[in-house]
1. Given the peptides 62-70, 313-321, 99-107, 261-269, arrange them by the average over their residues of other C-beta atoms within 10 Å, most packed first.
2. Within 10 Å of each residue's Cβ, count the other Cβ atoms and sort 112, 28 from fewest upward.
3. For the pairs 251/352; 235/347; 10/102; 23/251, flag any whose C-alpha to C-alpha distance is greater than 27 Å.
4. With θ taken as phi - 60° and the coefficients 6.51, -1.76 and 1.60, list the Karplus ³J(HN,Hα) couplings across the range 311-322 in order, rounded to whole Hz; mark glycine and proline as x.
5. Subtract the Cα-Cα distance of residue 114 and residue 102 from 0.36 nm times their separation in residues, and report this length gain in nm to one decimal.
6. From the mean inverse distance of alpha carbon pairs (Kirkwood) and the Cα radius of gyration, derive Rg over Rh for the range 1-98.
7. Can you compute 3J(HN,Hα) from phi for each residue in the range 32-48, using the Karplus curve 6.51 cos²θ - 1.76 cosθ + 1.60 with θ = phi - 60°, rounded to whole Hz and x for Gly and Pro?
8. What number comes out for the charge environment of residue 313, summing +1 per Lys or Arg and -1 per Asp or Glu over other residues with Cβ under 12 Å away?
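Read-outs throughout are calculated quantities, based only on the coordinates presented, and are distinct from any laboratory measurement. Quick caveat, the model's predicted, so the values are computed rather than measured. Every residue, glycine among them, receives a Cβ derived from its backbone with ideal geometry; neighbour counts consider all protein chains shown.
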Amino acid sequence: MGDQMIPVLKDTKDPHYRYKMPKITAKIEGSGNGIKTVITNMTQVAKALDRPASYPTKYFGIELGAQVTMANDIYSVNGSHDADKLLSLLYSFIRKFVLCSKCNNPETHLTIVNGNIKQKCLACGYGTTIPKAIHKLTTYVINHPPNGGEKKTESKKSSKKSSKSSEKNVDDQGQEVKAQDNQDDFEDDFDDDALTSDAYVERLKEMTDGLKSGVYKTDSKESANKFYKIVKEKKDAGELTDVNVQKDLVKEAELLEIRDKSLLVLSELLFTENIIEEIKTYRMLLLRFCNQNRKSQKYLLGGFEKLVGDVYKDKLFDKSINILKQFYDQDILDEEVIIEWASKESKKYISKEMSKKLREKVAPLIKWLKEAEEESDEDDDEEEEKGKTSPVGQKDAKNQPDDDEDEDDDLLEFSHRVQGLQIETVKPSVPIKPVNEEVQNESNGHEDDIDIDNI
């Protein structure tokens, strides 16, 4: 019999509350000084909360003043403790380290930045820092970052957004504390040619913890076709804004081995001539793919090029700067990736001539980003004088390999879908604001007069 599912939010009276977790189950083992309480379903509980199982277990140990054991997916607390007591402590942990302090939604992620625990809500976009004084567990969390990640220094975009928060109209709070779902590489050590199709399917199901996956091929075209069909079905059913559906799509893309390139397929299916509003509508889905993932962001820029420079060129080219800034304002594209993209023309998605025109069109935005980056660099230099490290974003930009050049052949094979985009005539459901007249005059040499903050 499966675990009983209970709401993540304690005492909620909403009968349709969709965030559920298994109710803690525990059993007592040993006797005397060796007695301990084993939490038999801690892994499942932690997965539902999107937190490492070690966090709530350690929290229990601190609150109960008992030693904990965490090894081989077995989590136990010394002493005899009933499940109801542990559940009460779990709700306390959830309140401090899971729920968004603004909207009370548990759809949050943690990252360690400059020795602080940053929390980002994917539901409302609110970002905050969990104070170290809230609980002794914070020391453990800082020393053991979520998902085995590394401690980071604050990125340029985060600091820049903070300095320009009074000038920019953005939905988030200026915190770049994104996190993305675990990216597991589904690899095996077997020779596929030596295995039957049924055995291969069964092994994939086991590796994905029961995910109903069907037969997956490694051919990128077949993978693209399959992913296209899955996403289209979900879109037609109006399910793309559902949290669980979004997570399932990420898993499907990973299993199909096109997690990064899937942004080309998403660009085709999600966006029409109403792209500015559609970016907001599908922001959460795009974040799950692009969050802290430079390669995914580059492929999204490829889809952007195809849409504004070819498929909807007549309607969207003049709005290209608005569209690109919308991607930036919604935290989907990082400034380092945008600046790098703008520095080199490419004929992968559109003609070289159109690629040049597009980059000239968005030049005022690129200039604005570079100026803001320079301001951030000056602040960083001051921090370095005080003994602080340089921003991780700058380090990554220098050390990040140019993935595009290494995957030209594979990209051309994969991009058959984007190259076959069809124009879909739609009526704007929400009126799109016309491009600022100053932006349209950009080609006449008035780039310096454009106010990017008013776009």
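1. Details: 62-70: 14.8, 313-321: 18.9, 99-107: 17.0, 261-269: 25.0.
Put in order of decreasing packing, that is 261-269, 313-321, 99-107, 62-70.
2. Working: 112 19, 28 14.
With the fewest neighbours first, 112, 28 line up as 28, 112.
3. Values: 251/352 35 Å; 235/347 30 Å; 10/102 16 Å; 23/251 25 Å.
In this structure, 251/352; 235/347 lie more than 27 Å apart at Cα.
4. The phi angles translate into 4, 10, 4, 5, 9, 10, 4, 5, 9, 4, 5, 5 Hz.
5. On the way: separation 12, 0.36 × 12 = 4.32 nm, distance 2.30 nm.
Gain in length upon complete extension: 2.0 nm.
6. Numbers: Rg = 13.3 Å, Rh = 13.8 Å.
Using Cα coordinates only, the ratio equals 0.97.
7. My calculation for the range 32-48 gives x, 6, x, 6, 8, 10, 9, 8, 6, 10, 4, 4, 5, 5, 5, 4, 5 Hz in order.
8. 0
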